[in-house]
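Student: Below are the structure tokens for one structure; questions will follow.
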Amino acid sequence: MSSLSTQPQASSSSCRTLPGEGNQVKPKAPLLQILRVAGAQEDVFTLKEVMHYLGQYIMGKQLYDKQRQHIVHCQDDPLGELLEVESFSVKNPSPVYEMLKKYLVVFGSSDI
């Protein structure tokens, strides 16, 4: 007789989906200024677009560690002031989202 596995696969990968990922968000002024430096022209974005422009900003200002490129050093940058950190990792986007969410107004959601 064969044994069936009933463990859900989705639970282990659920941390990859960010809350409100499909929703429209409006960055508050301090974050919007950083996104503008990276080339953003809109006022309303998806979370994916916010993360894209944030990545462009980090690359454009070369804030990433040259050896370990998932580490962002931002202690002497407006991004560090905004997030109140000296450095952070972009390996897992969830903590980055947690730092950003107080600067995002999510449309169609009341949990922020």
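The values are calculated or read from the model by the stated rules, or taken from the named source; none is laboratory data. All values derive from a computational prediction rather than experimental measurement. Every residue, glycine as well, gets a Cβ built from its backbone with ideal geometry; the counts of neighbours run over all protein chains shown. Keep in mind that these areas ignore ligands, DNA and RNA; they rest on the heavy atoms of the full protein, side chains included. Shrake-Rupley method; radii C 1.70, N 1.55, O 1.52, S 1.80 Å.
Student: Return only the number of the condition from (1) over 17 Å from V105 (Cβ atoms); (2) touching a Gly at 6+ places or on another chain (Cβ under 7 Å) that V90 does not satisfy.
Tutor: (2)
Student: Can you pull out every residue in the range 54-100 that is open to solvent by 60 Å² or more (accessible area, probe 1.4 Å) and either of a type in the set (A, V, I, L, M) or under 13 Å from the mean Cα position of the chain (by Cα) (or both)? If you could, list the steps in order and put the result at the bottom.
Tutor: From the range 54-100, those open to solvent by 60 Å² or more (accessible area, probe 1.4 Å) are 56, 59-62, 66-69, 73, 75-76, 78, 81, 84, 86, 90-92, 95, 98; that's our starting set.
Those that are open to solvent by 60 Å² or more (accessible area, probe 1.4 Å) and either of a type in the set (A, V, I, L, M) or under 13 Å from the mean Cα position of the chain (by Cα) (or both): Q56, M59, V90, K91, N92, P95, E98.
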